[in-house]
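Quick notes on the structure that follows.
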Amino acid sequence: KATMKSLRFISAEAFVSNAEFARKSLGGVAHNLFPLLFKASYLLEQGEVIHDLLENWPLVDFNMGKLLGTTVDYQEDLSCRTCSVCLESCLTGLRDYVLNHPSPYVKRLKVVDLTGIKDVEVQFCECKKTMGRWARTQLLSKLCLELLVYLQQTQCNPGAFEISVDVLIDLFVTERNYEVVMQALLKKCCCPLKICCVSFRSDNLDLQKFFYIIKLTDPSSLRKLEIVHNVRLEMEHLEILFNSIHFPLLMSLTLPARTFNVQRFTATEERMLTNIGEKMGEMMQLTELSMPFSILTGRIQKLLSPLKTPLKMLDVSNCSLNHADMAYLANSFHVNHLEALDLSGHKIFDLYPSIFFKLLSHSSSVLRSLTLEDCNIQDTHVNMLILGLSPCQKLQEFKFLGNPLSSQALKDLFTFLCELPMLKNVEFPVPRDCYPIGITYPIDDASLCRFDHQKYESVAEDLNLILLQANREDVKASTPLFGSYDAAVQETNNELGAYLIKSFKETLEKFTTSLNKMS
C-alpha cells in the first residue's frame, strides 16, 4: 500500500530526481535538510546524489538505520533495502569526505552507523542488485586500505589525517575476505575512517585466523558474536577463547554445530564445561544464546545457571536434552523472560509433555517466537499443542516444519492459530498425506521434495482460506522446505559449497589412506 509523503518529502524527491542539478546546488542547501534529501535519494536510487551528500555531510553523525527508518516526512522504512547502487555510493562518498575538502575545520562528522541495515529475502529496490553484509564488510575494508595508500602517496591536505570518523558496522568474515578485513583492522589507528565492529559473524574460516581476527575487532565493545558454519570450534577452543578474551558487552552468542560434542564427559570435560559456564556468567549483558546440534544431555543447568542476566533468546535445537534439562529450563529464572525459544529435534510430546506445558505457561507472557521443527508432533498431539499454546497471546512467529501431521490436523491447528492476536508468521510442514505411504520421519533431504505438489497446493489454499475467513490476512503462512531464509548463507553459498566439497575430499583422502595402510 502507498505510504503518505509530506510536501517536504515530495519537494526533496523533485530536487534529487535531477541528479546534475542537485549535485551543483548542494552547496546552498541548509544543513538540516541533508537527512531528508538522503532518504529521498535512497528511495529513487540516485547514487551520484547519495555520494555527494555523504562527501559533504555537514552533521556530527550519520545513522543509516534512523535516516532510512520511519520518519515524519515519509513513514516507509527503507532500512531493509540493501540496494547495491545506494550502499556503494554511501561508502565511496564517505571515503571522499576524507579526501576532498580543503578546510578540515568545517568537518563535523564523528560517527557513521551502518548497523541499522537489515538483510531480507525480498528486495524492493529497482536495480534488484543487493549488497549484503559480507560485501559491505569487504568494500569498507578495501576503501579504508585504499584511503591509507592514497594519503601516504600523495601530497594531499595534511588536515585529512586529523579527521577521525568511527564507522560502526556488523562485520562478516570468511576465508575469501579475511585478508583485506584483517589488514584494515590492523591499520585502523592510522586511518581517518575507523572500523568499529559492533557484531561479528564468521563462516568458512580456519580456527587460527578466527582467533587472530577476533582480537583485532576490539572484543571489549562487541555486542554480538556469531560463529556459524565451518569454523571447527570445539569445547576446548571455546574455553581458550573465553579465557584469553573478555567480552564485557556481549549480548548475543551463536556457537557452531557440535561445539559440545561429547558422548561421555570425562572429569576434564566437566571442568571445561564449568569454566565455560562461569565465563558466560561474567558476560553481564548476555541475553541471547544459540548452540544447536551439540550434545548437552544433562548439562544445561551447568552451562546456564551461572548467567546473571536472564536469557531472552535460547536455541537448543537438536541438543539431545533430557527430562532434567527441560525441568531446569521450566523452573529457571530465564523462563519468564524467554521471547524466542527453539526446541527443534526433541520429541517433546513423547518425552516430557507436562514439563513442556509448564515451560510454555511460564514464558507465555513474553514469548514471541517458538520453533518446534522435527519434534515428531503427530495428529494425536494437536489438542495438547493447542492447549499449550493458548496462553501464548504475544506469539508472533510459530515454526513447526518436519512434523508428521495430516492435512486435517493442520486445518484444526490453523483454526486455533487465528485466535493468537499478535501472530504474523507461520512455517508449517508438507502434510504427511502428501508423501508416499510409509515415509519415515525425520525425512531425509533426498525424499523431502518427493510429495504430491498438487495436493499440497490444495491444502495450502485451504489453510490460507481459514486465515482469510478469520480476517487474518496479516498472517504469512509458508513451507520453506530447506529451512528459513538466512541472508548470510545466501550471500556466501558458493564459498560454503566449495568449503564443504573440500572437507568431504579431505575426509575421503584420510579414509583411503587408512584403508591402504590396513591392506
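The values are calculated or read from the model by the stated rules, or taken from the named source; none is laboratory data. Given the structure is predicted, the values throughout are model-derived calculations rather than measurements. Using ideal geometry, Cβ is built from the backbone for each residue, glycine included, and neighbour counts are taken over all protein chains shown. Each accessible area value is taken on the protein alone, full model and side chains, heavy atoms only, with ligands, DNA and RNA left out. Shrake-Rupley method; radii C 1.70, N 1.55, O 1.52, S 1.80 Å.
Structure summary
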{"item": "Qualifying position, being crowded, with 20+ Cβ neighbours inside 10 Å and either touching a strand residue (DSSP E or B) at 6+ places or on another chain (Cβ under 6 Å) or on the phi < 0 side of the Ramachandran plot (or both), among 323, 334", "result": "334"}
{"item": "Selection count, the range 449-483, where residues are aliphatic (A, V, I, L, M), touching a strand residue (DSSP E or B) at 6+ places or on another chain (Cβ under 9 Å) and within 14 Å of residue 429 (Cβ to Cβ)", "result": "3"}
{"item": "Residue tally, condition outside any helix (DSSP H, G or I) and out of contact with any Asp or Glu (no Cβ under 8 Å at 6 or more places or on another chain), over the range 408-426", "result": "5"}
{"item": "Complete set of residues in the range 123-153 that are loosely packed, with under 13 Cβ neighbours inside 10 Å and among the polar types (S, T, N, Q)", "result": "152, 153"}
{"item": "Every residue from the range 42-73 that is outside any helix (DSSP H, G or I), surrounded by fewer than 22 Cβ atoms within 10 Å (Cβ to Cβ) and not small (Gly, Ala, Ser)", "result": "44, 45, 56, 58, 59, 60, 61, 63, 70, 71, 72, 73"}
{"item": "Checking residue 241 against (1) open to solvent by less than 10 Å² (accessible area, probe 1.4 Å); (2) of a type in the set (A, V, I, L, M, F, W, C); (3) in a loop (DSSP other than H, G, I, E, B); (4) farther than 28 Å from residue 348 by Cα, the condition it does not meet", "result": "(3)"}
{"item": "From 166, 203, residue being among the acidic types (Asp, Glu), open to solvent by less than 40 Å² (accessible area, probe 1.4 Å) and within 25 Å of residue 250 (Cβ to Cβ)", "result": "203"}
{"item": "Filter result for residue 405 (free of Cβ contacts under 8 Å to residues at least 40 places away in the same chain and either of a type in the set (Val, Ile, Thr) or open to solvent by less than 20 Å² (accessible area, probe 1.4 Å) (or both))", "result": "yes"}
{"item": "Those residues of the range 91-113 which are open to solvent by less than 20 Å² (accessible area, probe 1.4 Å) and among the aliphatic types (A, V, I, L, M), in sequence order", "result": "91, 94, 98, 109, 112"}
{"item": "Qualifying positions in the range 274-312 - in contact with a Lys or Arg (Cβ under 7 Å, 6 or more places away or on another chain) and under 18 Å from residue 246 (Cα atoms)", "result": "274, 277, 281, 284, 287, 288"}
{"item": "Count of the range 394-407 residues which are farther than 11 Å from residue 378 by Cα and in a loop (DSSP other than H, G, I, E, B)", "result": "5"}
{"item": "Hits in the range 7-41 - residues which are in a loop (DSSP other than H, G, I, E, B) and modelled with pLDDT under 95", "result": "29, 30"}
{"item": "Residues of the range 74-90 classified as part of a helix (DSSP H, G or I) and surrounded by fewer than 23 Cβ atoms within 10 Å (Cβ to Cβ), total", "result": "3"}
{"item": "Any pair with Cβ under 9 angstrom, 6 or more apart, that starts in the range 286-308 at a residue that is within 19 Å of residue 266 (Cβ to Cβ) and ends at one that is open to solvent by 20 Å² or more (accessible area, probe 1.4 Å) and among the basic types (Lys, Arg)", "result": "294/258; 295/258"}
{"item": "Residues located in the range 376-393, provided they are over 19 Å from residue 466 (Cα atoms), of a type outside the set (Val, Ile, Thr) and in a helix (DSSP H, G or I)", "result": "381, 384, 387, 388"}
{"item": "Any chance residue 270 is buried (at least 17 other Cβ atoms within 10 Å of the Cβ) and acidic (Asp, Glu)", "result": "no"}
{"item": "Residues located in the range 169-200, provided they are part of a strand (DSSP E or B) and open to solvent by 20 Å² or more (accessible area, probe 1.4 Å)", "result": "170, 194, 196, 198"}
{"item": "The listed residue being part of a helix (DSSP H, G or I), out of contact with any Lys or Arg (no Cβ under 7 Å at 6 or more places or on another chain) and either surrounded by 14 or more Cβ atoms within 10 Å (Cβ to Cβ) or aliphatic (A, V, I, L, M) (or both), out of 488, 446", "result": "446"}
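For (1) among the hydroxyl-bearing types (Ser, Thr, Tyr); (2) touching a Ser or Thr at 6+ places or on another chain (Cβ under 9 Å); (3) touching a residue at least 60 places away in the same chain (Cβ under 8 Å); (4) at negative phi, each residue gets a yes or a no:
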{"residue": "4", "(1), (2), (3), (4)": "no, no, yes, yes"}
{"residue": "14", "(1), (2), (3), (4)": "no, no, no, yes"}
{"residue": "36", "(1), (2), (3), (4)": "no, yes, no, yes"}
{"residue": "40", "(1), (2), (3), (4)": "no, yes, no, yes"}
{"residue": "44", "(1), (2), (3), (4)": "no, yes, no, yes"}
{"residue": "54", "(1), (2), (3), (4)": "no, yes, no, yes"}
{"residue": "58", "(1), (2), (3), (4)": "no, no, no, yes"}
{"residue": "62", "(1), (2), (3), (4)": "no, no, no, yes"}
